[in-house]
Structure formats: C-alpha cells, structure tokens
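Below is one structure, written out as structure tokens, with a few remarks after it.
The values are calculated or read from the model by the stated rules, or taken from the named source; none is laboratory data. As the structure is a computational prediction, the values presented were derived from the model and not from experiment. Because the Cβ atoms are built from the backbone with ideal geometry, glycine has one as well, and the counts that use them run over all protein chains shown.
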Amino acid sequence: MGRAMLIIVTGLLISLGYTFLGMSDQRSLLNSQSTNSATKSMAENVASTGIQFALHKFSEDSTWPGEETLTFNLENGTAEVDAVKSSNNDTLRITSTGKVDGASTDHTIVTTFDISKNQSLIPDYEGAVSSVGGDISFPNGNHKIHFNGNDASGQCKDKPGLTVHDPDMIDDYDQGDLENIQGDPKISHDKNIKNSDIMDLIELLAPEATTVSNKKDLANSDTDNPGIYTIENRVNLSNTTGAGILIVRNNAEIQIDGDLKTAGQFDFKGLVIFENETEFKATGNANIEGTILSASDIGSNLQFSGNGNFNAQYNCDAKKYADQIVDEKLDTRMFTRLSTYQ
C-alpha cells in the first residue's frame, strides 16, 4: 500500500507541476498581450494628438496642407501628419500615424473635417459706409465728404456708397446728398448686417483692443501689423496711419464727448465701427479704406462734419487686415468631424 501511495503522490506532483507550468505560461501570455494592448493604445493616443496639432497648425496657416509632412515629437512617441484640402476648400482630410518610442507598433487615423463654416467674425463689406442702427448725416452741400462704393482693389464687384438698415431712409437723402456718393447704386437698403450682431462684435473685440488716447497708440499700426483699437474719448489723430479694426465708442454714462477729430492726414485700412452717438470731424484729410459701420442700440446718429476732406472708400481686399488680427486674437475656426477611419 505504501508503494501505491508513493506512486499516487508522485503522479499528483507531476500533475501539479504541469498545472504550475501551464499557469506560468498563461501569465506570460497575458502579460505580453497586456503590453501589446497598452502600446497600441499609446500609439492611438499619439495619433489622436497629431490630429489636434494639425488642426492647430491649420488654424495658424490655412495654406499649410500640401506635400509637406509634419512630425510632432510627443512625450511617448512621434506623430507624422499629412493634410489635404478638397478642391472646393470645404473639407480637410488629416492622416496621422502615431509611433511609440522603442516599439514597432504604430497606429494610423484618417479623419475628415468640414471646414466650410470657417467664416470670419467680420461681416462681409456691403459698401463704403453702412448704417445698421441710427441715421448717417453730413452737411448738405459739403462736397469735401465722399462715400465711394466702387471697389478700390478691383477684385470684387462694386457696392453702394451708402447702405441703410431701413428702406424708408433712402428718401431722406436728397439730390444734394447724392452728389457726395458714388457706387452701384449710390444708396440702397441692406438687410444682411444686423445691428445686434455688430453690437455683439464690439463687445467681443473690445477686451482685445488697445485704447487710443493719442496718436502714439497707433504708431506701430500698418498693413503688416494690423491691430484692434478703441477710441472712447476725444482724440486728435493728425498725420497718422493705421490698419485693422478701429472702434469709436460713445458711452453716455461715462463721458459726454466721444468724437474722433482729425487734422493733417489720417489714413486707416480695414474696418471702422462707430458705436452710438459719435461724430467724425475732419479738419484735414481723412481716408478710410475698407468699410465703415455705424451701429446704435439707442437710436442715435452718426454725423460727418468739418471743413476738411473726408473719403470713405470701399475696398474688399482691406477686409483681410481686420480678419488677420481677429484670427490672431480670437479662436474663430470651426471644425466639424465628418468621418474617422483607423
């Protein structure tokens, strides 16, 4: 019997030994699978990060997609990214391959985005001067004031010299007024720009703006370096140039006088917005190239006055200076994911 028990015990140990060996092999297999799964997950994360970096790159430079492959070095690996825009510029396809340092595993993600809604916060220019709230007036018979809606750049169709938000306002301008206006037509009703949208735009841009208290605040402003500026008090801008966006504000609760007075020469390219009751007084030569918007939520008016020469010239190409500074200051890009393959 003792012999039989020895054989049984020996057989049991051998059986358990095989069991132990089997569990060890299984544990090694599980560890290997877990490592591979973690590496694959890391590669996928790297590829996803590459997609985000590519969107940021495109936001900074919409001309980037092409033959150039970008490599982003991340903490755990690298992402190699290519991007292609559709022929009509409505979609952007990004291919990102994530590679983990020290591993042969990689992961590729191909994502297509709708970029058709990547529209500027700045509304399209509808003419030389647009009244979206309140009235616009100038001294009758003062032929030194000109609104010209014929596109100065030659790149776009001509627009009205003056647009008004209420069709009944057209009759408020007599033949003498129309002698100061050029365009196609000279004056028209425009319903595309809403007063509330411009007031919202002012509130959005104001925190990013430089307050102009004297002409030195515009010293570095030109077409290569446009800016966002606000004028909230009386300021004299003589022999000054600027580009970008100029917002002339008048808050009746804070100050009484909120006019923009110019003497000498003043030139600005881009977008000029007058908010509420504001006067533009030109005693020298003032040229605004781009467009002027007059907005008011209290029904006040914009008056152009002075014995100097004032010229509001529509230029659709000058919109780029306003768009450029807004893109730099604010995140205005919209990307809608259409599809993802991996």
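Observations on the model:
- Scanning the range 208-232 for residues that are more than 15 Å from the chain's Cα centre (by Cα) and assigned to a helix (DSSP H, G or I) yields a count of 4.
- In the range 224-251, the qualifying residues are those that are small (Gly, Ala, Ser) and within 13 Å of residue 288 (Cα to Cα), and the one that is surrounded by the most Cβ atoms within 10 Å (Cβ to Cβ) is 244.
Results for (1) out of contact with any Asp or Glu (no Cβ under 7 Å at 6 or more places or on another chain); (2) surrounded by 13 or more Cβ atoms within 10 Å (Cβ to Cβ); (3) among the aliphatic types (A, V, I, L, M); (4) part of a helix (DSSP H, G or I), shown as yes or no for each residue.
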{"site": "43", "(1), (2), (3), (4)": "no, yes, yes, yes"}
{"site": "54", "(1), (2), (3), (4)": "yes, yes, yes, yes"}
{"site": "67", "(1), (2), (3), (4)": "yes, no, no, no"}
{"site": "80", "(1), (2), (3), (4)": "yes, yes, no, no"}
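- Every residue from the range 43-68 that is without any contact (Cβ under 8 Å) to a residue 60 or more places away in the chain and within 20 Å of residue 105 (Cα to Cα): 45, 49, 50
- Output for the range 279-297, where each listed residue is surrounded by fewer than 23 Cβ atoms within 10 Å (Cβ to Cβ) and modelled with pLDDT under 80: 279, 281, 282, 283, 284
- Residue 149 over 20 Å from residue 278 (Cβ atoms), in contact with a Phe, Trp or Tyr (Cβ under 7 Å, 6 or more places away or on another chain) and among the small types (Gly, Ala, Ser): yes
- Members of the range 199-246 found to be among the hydroxyl-bearing types (Ser, Thr, Tyr) and more than 20 Å from residue 121 (Cβ to Cβ), listed by number: 211, 213, 238, 240, 241
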